[in-house]
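Before any comments, here is the structure.
The values are calculated or read from the model by the stated rules, or taken from the named source; none is laboratory data. Since we're looking at a predicted model, the values are computed, not measured. Positions of Cβ are generated from backbone atoms using ideal geometry, with glycine treated the same way; all protein chains shown enter the neighbour counts. With ligands, DNA and RNA removed, areas are computed over all heavy atoms of the protein, side chains included. Shrake-Rupley method; radii C 1.70, N 1.55, O 1.52, S 1.80 Å.
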Amino acid sequence: MGAGIAEVFARNGIAVVGIEQSADWLERGRDHLRSSTERAVSRGKLTPESQQEILGRILLTTDTAALADVDLVVEAVPERLELKQQVFGGLDEVCRPDTVLATNTSSLPVTRIATGSRHPGRVLGMHFFNPATVLKLVEVVSTEHTDAGLADDVASLASRLGKVPVVVGDRAGFVANALLFGYLNQAIKVAESGRAGYDEIDAAMTAGAGFPMGPFALLDLIGLDTALEILVTMHADTGDDRHEPAVSLRELVEAGRLGRKTGQGFFPYENPGSGRRVDQADTVGEPEQDRDEIVETLLYPHLVDALRMRDSGYAAATDIDNAMKFGCGYPKGPFELIEEIGANRVLASER
């Protein structure tokens, strides 16, 4: 993720310092940058000269002293609160007092991360979506302590990077993950109930709802351990049953079946890291009635969550639509879907 973020800045003419904890990890980051830009060259999206210019803007090092004169830091270490707080405390020792300190956390409270710094007013969230070079959404998250105007300045920077910024307050899951993971978790619980299988649910949500991926294929892509961490954080914050991790999700993580990266999750894959399924059920002939029931069971509560988020004042309908389209690849945002289906019909699903 860090390499992808570094590439985004460098592609837009901004000099970048990339910090890693060891020489081995540094080389992995360098390899990632090289392979990513080489793919872009092979597809005609970059010239060889542009590739070299991009790579030349990125200084990779294990020495945090190289951050002494940067204007912005984007932290992208693993999703562990204590680790992030430790990183921010360390940044105070090497960065200027006016350096903006951003966390790329996807679900942890930015306010609590900021307690690791002596300058909480300069701390905010800048949440890129993976892959950062492809997905356009950036959630800019301010806390009660963030300096006035700073979130808007960072949103302007995100726009300069070719991203679509959504500025929100500090709340578990922010916009995209708060909506997405309630839906994904519910899909697992529907499968646990025996009402439909993984392939059947995936087919219903792609063919019936128009989503780019079914929930189980998406969970395997995200990583089941990552999904579990996000749901645990969100459930602790909201207490909402929709965020209480499904039993089978916990069981798969405990068994080491984490999705594509381990070669097995909800589905088996040919090799760890491969997106090629070993087997795939043919769901073309499934009855349309069953498909419609699955879509209503999963999509309508998902849309109700979006309505509640808007009505709470946390985010505007346009921002929610942008978050789901540019962060999750939805062809239409929740409120565009609600307009098509009808709000009364969607709300009736809750009765």
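Expressed in nm to one decimal, what extension gain is obtained for the pair ALA23 and ARG112 from 0.36 nm per residue of sequence separation less their Cα-Cα distance?
Computed gain between ALA23 and ARG112 is 29.0 nm.
Using amide H atoms built in the peptide plane, which far-off residues or other-chain residues are under 5 Å from GLY125 H to H?
When sequence neighbours closer than 5 places are left aside, the close amide H contacts are THR103, VAL141, SER142.
With springs connecting C-alpha atoms under 10 Å apart, model the chain as a Gaussian network and identify which of ASN271, ASN322, ASN177 has the largest mean-square fluctuation.
ASN271
May I ask you to evaluate 6.51 cos²θ - 1.76 cosθ + 1.60, the Karplus curve with θ = phi - 60°, for each residue of segment 210-218 and list the ³J(HN,Hα) values in order in whole Hz, giving x for glycine and proline?
For segment 210-218, the Karplus curve yields x, 6, x, 9, x, x, 7, 5, 5 Hz.
Can you tell me the relative contact order of the chain? Whole percent, Cα pairs under 8 Å, sequence separation 6 or more.
Working: 547 pairs, mean separation 43.6, N = 351.
Answer for the chain is 12 percent.
For CYS95, which sequence-distant residues (separation of 5 or more, or a different chain) have an amide H within less than 5 Å of its own amide H, given hydrogens modelled in the peptide plane?
The list, which skips near neighbours in sequence, is empty: none.
Could you state the accessible area per residue of the chain in Å², with a 1.4 Å probe and every protein chain left in place?
Accessible surface, normalised per residue, equals 47 Å².
Quick one: 3J(HN,Hα) in Hz for segment 140-152, Karplus 6.51/-1.76/1.60 with θ = phi - 60°, rounded, Gly and Pro as x.
9, 10, 9, 10, 5, 9, 5, 4, 4, x, 5, 4, 5
Please compute the length gained on full extension between GLU270 and LEU55, using 0.36 nm multiplied by the number of residues separating them and subtracting their Cα-Cα distance. Walk me through the numbers on the way to the answer.
On the way: separation 215, 0.36 × 215 = 77.40 nm, distance 3.29 nm.
Here the answer is 74.1 nm.
Quick one: what are the phi-derived ³J(HN,Hα) couplings along segment 97-102, Karplus 6.51/-1.76/1.60 with θ = phi - 60°, whole Hz, x for glycine and proline?
x, 9, 5, 7, 10, 10
Say the dipole of the chain comes from +1 at the beta carbon of Lys and Arg and -1 at that of Asp and Glu; which of VAL134, SER36, GLN186 then lies farthest toward its positive end?
Going by the charge dipole, the pick is SER36.
Residues in segment 52-74, backbone N under 19 Å from the label point at ARG30 (7 Å along the Cα-to-beta-carbon vector): list them, ranges by number please.
52-67
Return the calculated 222 nm mean residue ellipticity for the chain, to the nearest 500 deg cm²/dmol, obtained by summing -39500 (n - 2.57) across DSSP H runs with n ≥ 4 and dividing by the residue count.
-15000 deg cm²/dmol
Go through TYR314, MET324, LEU150 and say which Cα lies farthest out towards the positive end of the charge dipole of the chain; charges sit on Cβ, +1 for Lys and Arg, -1 for Asp and Glu.
Positive-end residue among those listed: LEU150.
Cα centroids of segment 245-278 and segment 132-186: how far apart, whole angstrom?
With segment 245-278 and segment 132-186 each reduced to a Cα centre, they are spaced 28 Å.
State which entries of LYS84/LYS261; LYS45/LYS136; LYS84/LYS325 exceed 21 angstrom in Cα-Cα distance in the structure shown.
With Cα atoms farther than 21 Å apart: LYS84/LYS261; LYS84/LYS325.
How high is the FRET efficiency between ALA15 and GLU350 when r is their beta carbon distance and R₀ equals 56 Å, given to the nearest 0.05? Don't skip to the end; give the middle numbers.
Values: r = 51 Å, r/R0 = 0.91.
The value I calculate is 0.65.
Quick query: amide H of VAL17 versus all other amide H atoms, modeled in the peptide plane; which residues come in under 5 Å with a sequence gap of 5 or more or a different chain?
Those lying under 5 Å, H to H, from VAL17 are LEU59.
Given springs between every Cα pair under 10 Å in a Gaussian network model of the chain, which of VAL141, VAL123, VAL190 has the largest fluctuation?
VAL190
With unit charges on the beta carbons (Lys and Arg positive, Asp and Glu negative) and the dipole taken about the Cα centre of the chain, which residue among HIS243, GLY214, GLY162 sits farthest to the positive side?
With unit charges placed on the Cβ atoms, the residue in question is GLY162.
Return the single residue from HIS302, HIS145, HIS119 with maximal mean-square fluctuation; model: Gaussian network over the chain, springs between Cα atoms under 10 Å.
HIS145
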